[in-house]
Amino acid sequence: MVIWKRGPGSRRLTSLFWSAVIVFLFFHYRSAIYPVPSPFSPGSVVESPPSERWRQQQPPSKDQQPSVVGTGTETDTSSGSGPGADSAKLFVKSGYDWSKLPRQYPIPESEMRRPPSGPPEPLQRVQFNFARSAFTLDVKQHAQRDAVKTAFKRCWDAYMKHAFPRDELMPVSLDGKDTFGGWSATMVDALDTLYIMGFKEEFKATLPAIGALDWADTTLTSINTFETTIRYLGGLLSAYDLSGEKVILLKAIELGELLYTAFDTPNHFPPFWLDFSDAKAGRQKAGKSDPSASPCSLSLEFTRLSQLSGDPKYYDVIDRVKRFLERSQNTTRLPGMWPTFIDFQNELADKSPDFTLGAQADSLYEYLPKMSALLGGRDPAYEKMYHSAMATAEKHMLFRPMLPKGDDVLFVGDVHVRPNEQGVELLPDSQHLTCFAGGMFGLGGKLFGIRDQLVTAEKLARGCALAYAAFPTGIMPEVFGLLPCSSRDVCEWDEARWEKEGETRLPKGFKHARDPRYLLRPEAIESIFLMYRMTGKPEYQDMAWRMFLAIQAATSGDTANSAIKDVTVGPKEVTKLDQMESFWMAETLKYFYLIFSPPDVISLDEWVFNTEAHPLKRPDR
């Protein structure tokens with residue numbers, strides 16, 4: 001690409017130019033985009049928040065200080081020194097300081113639990129022991145990785161030109177829209193991808209806009225606690241872990257103060273929606289039927305924020321959620337797993353009969369082995385819960401589909417527990433979202449030395465790759481059904497059964513494609529990438545390349561990529577939906593890039609990904 005051929009002086013001028021452009025756009029158009037008065041009280045400029053004071057009193061230990069990719073150098077997170085410290089001057093306080101809001105249900109410091117300290121436990125190696133040759137890319141791998149970078153840069157440029165500072169690009173109409181508060185979600189979500197791919201000029205150019213983010217400047221009256229945490233907070237923490245730029249950490253801490261407010265409830269469980277008026281009035285309550293993933297998938301981000309800021313309060317509140325999970329795990333209608341929806345207000349998980357590894361619950365399970373990794377194995381509760389949950393899932397949710405070639409693969413279904421002890425019913429509908437399960441089983445199997453789970457992980461990952469290849473576009477649907485085999489060992493193809501129960505316009509073996517869209521989701525390539533890093537098998541790179549080419553052919557438009565309406569039609573018949581969610585650049589393209597990169601680029605033994613593919617630094621071994 002041309003950018004890499006410029007001289008140092010040109011690079012500096014380019015960086016300064018883009019910084020100026022971003023700052024101008026950010027301040028010039030912000031008021032036009034957000035004409036509705038902010039629900040926050042303006043003008044609250046106060047002294048350093050408590051998290052800043054915590055950081056001054058308790059500087060992070062060595063194993064909490066992040067290393068920059070590829071250099072092995074450390075970043076000083078204390079104020080005023082170290083690489084990236086100069087960027088702190090770009091920090092502009094938001095219009096409302098949530099750290100100053102009086103708490104209706106304060107937690108005394110003496111009752112707060114702190115992140116475990118001391119040397120990490122000897123967790124087992126996650127990555128395959130690659131040969132030295134794997135760390136030098138050949139011509140083919142260079143070309144593949146460059147193709148992914150080109151796709152990313154094209155989408156980034158389109159977003160910055162047509163949508164910034166709004167949250168998302170509408171890639172067909174070339175406009176922007178706000179879906180997550182209007183805080184430039186795509187920019188924040190893609191920060192770490194920019195850095196990992198080597199777009200350092202573009203990364204540096206975003207810092208003034210990052211420093212100027214105002215969490216009080218939104219037309220919303222409430223925000224989704226989960227989505228704000230995984231996209232914004234996760235994106236900022238990862239970008240800081242990678243770059244050491246102080247302004248990013250300061251913005252993460254400021255956002256953390258806002259999100260911490262969600263836990264100001266009678267039992268310190270957050271509501272699904274953080275309503276600003278309710279929070280200020282001290283009348284928040286957790287929900288009585290909230291998605292189980294919502295409060296149970298904040299643990300990685302809140303833990304890392306405590307580690308980096310030195311303030312234990314973030315870790316304390318998610319540890320309270322963990323203790324509820326421990327207490328309730330074997331009280332549910334399907335002991336070992338938690339239902340899709342939970343009464344968090346009354347801390348009850350024994351009523352609902354529906355269970356899934358898909359939407360609404362997925363990352364609850366995903367975060368069990370990942371929290372063990374982030375804490376260096378120093379809290380055995382996560383491993384214990386993982387063992388029990390996966391044993392139940394393997395028994396009741398995983399199934400082998402009936403396929404013409406007898407492929408020995410697995411998919412994830414849902415479960416309904418019948419009343420009055422009438423048994424457990426498998427619902428063999430699978431989701432693109434559940435393709436993450438291969439990577440989860442692989443990570444748990446590696447970390448905890450469970451060999452059988454590595455076999456399961458590969459069958460799940462291969463199943464998703466097979467589903468991609470089966471459809472005319474080379475992409476799997478959002479939701480689809482399969483015909484389950486009666487046994488995982490032997491599974492004869494039954495043409496008559498498929499013709500009777502299936503949908504003959506679909507590939508053989510598929511029962512329906514209830515939601516035929518492709519939303520640029522990452523879960524399939526996520527598991528394929530993780531399987532490559534865990535097994536070292538080059539065939540996973542081949543799978544990834546076929547998937548990438550298919551996605552590009554079906555979704556690439558004149559300026560960027562778009563979600564499509566139906567993957568069951570031919571590649572030339574697809575209809576674009578004018579939608580490019582931030583996870584396309586934050587997750588999907590990141591995983592495609594990493595699978596064609598040397599194995600030491602974001603090593604799984606040094607980093608752990610949050611559910612939005614933001615790598616967070618693990619403690620030193």
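The values are calculated or read from the model by the stated rules, or taken from the named source; none is laboratory data. Quick caveat, the model's predicted, so the values are computed rather than measured. Neighbour counts run over all protein chains shown; Cβ positions are idealised from the backbone, glycine included.
Structure notes:
- Consider segment 298-318 and keep the residues that are within 14 Å of S372 (Cα to Cα) and in contact with a strand residue (DSSP E or B) (Cβ under 9 Å, 6 or more places away or on another chain). The one that is surrounded by the fewest Cβ atoms within 10 Å (Cβ to Cβ) is T303.
- Inter-residue pairs, beta-carbon under 7 Å, first closer than 17 Å to I602 by Cα and in segment 127-142, second part of a helix (DSSP H, G or I) and acidic (D, E), 6+ apart: none
- Given (1) out of contact with any Ser or Thr (no Cβ under 9 Å at 6 or more places or on another chain); (2) surrounded by fewer than 23 Cβ atoms within 10 Å (Cβ to Cβ), index of the condition L236 fails: (2)
- Unique match (being without any contact (Cβ under 8 Å) to a residue 60 or more places away in the chain and either aliphatic (A, V, I, L, M) or crowded, with 23+ Cβ neighbours inside 10 Å (or both)) among M197, M170, M187: M187
- Unmet criterion (only one of (1) in contact with a Lys or Arg (Cβ under 8 Å, 6 or more places away or on another chain); (2) under 26 Å from D605 (Cα atoms)) for S372: (1)
- Criterion: at pLDDT 95 or above, of a type in the set (D, E, K, R), over 13 Å from the mean Cα position of the chain (by Cα) and over 27 Å from A131 (Cα atoms) - qualifying residue of K617, K572, K576: K576
- Selection from segment 471-487 of residues that are at negative phi, surrounded by 14 or more Cβ atoms within 10 Å (Cβ to Cβ) and not hydrophobic (A, V, I, L, M, F, W, C): P472, T473, P477, E478, G481, P484
- Some residue of segment 421-433 being buried (at least 19 other Cβ atoms within 10 Å of the Cβ) and among the hydrophobic types (A, V, I, L, M, F, W, C): yes
- Looking across D379, D354, D414, one residue alone is modelled with pLDDT of 95 or more, out of contact with any Pro (no Cβ under 7 Å at 6 or more places or on another chain) and charged (D, E, K, R). It is D414.
- Single residue of segment 343-382 satisfying the filter (closer than 23 Å to E523 by Cα and charged (D, E, K, R)) that is surrounded by the most Cβ atoms within 10 Å (Cβ to Cβ): K370
- Whichever residue in segment 157-193 is in a helix (DSSP H, G or I), closer than 20 Å to L233 by Cα and not aliphatic (A, V, I, L, M) and, among such residues, is nearest to the chain's Cα centre (by Cα): D189
- Taking the listed residues G474, G509, the one that is small (G, A, S), in contact (Cβ under 8 Å) with a residue 60 or more places away in the chain and in contact with a strand residue (DSSP E or B) (Cβ under 8 Å, 6 or more places away or on another chain) is G509, with no other qualifying.
- Of all residues in segment 592-605, those that are on the phi > 0 side of the Ramachandran plot and in contact (Cβ under 8 Å) with a residue 24 or more places away in the chain have Cβ atoms under 7 Å from Cβ atoms of residues that are surrounded by fewer than 24 Cβ atoms within 10 Å (Cβ to Cβ) and assigned to a loop (DSSP other than H, G, I, E, B), 6 or more apart or on another chain, in I602/V69.
- Selection of segment 233-289 for residues being among the polar types (S, T, N, Q) and either outside any loop (DSSP other than H, G, I, E, B) or farther than 25 Å from R323 by Cβ (or both) yields S238, S243, T261, S277.
- Under the condition of being of a type outside the set (D, E, K, R) and either assigned to a helix (DSSP H, G or I) or modelled with pLDDT under 95 (or both), the residues counted in segment 312-336 number 8.
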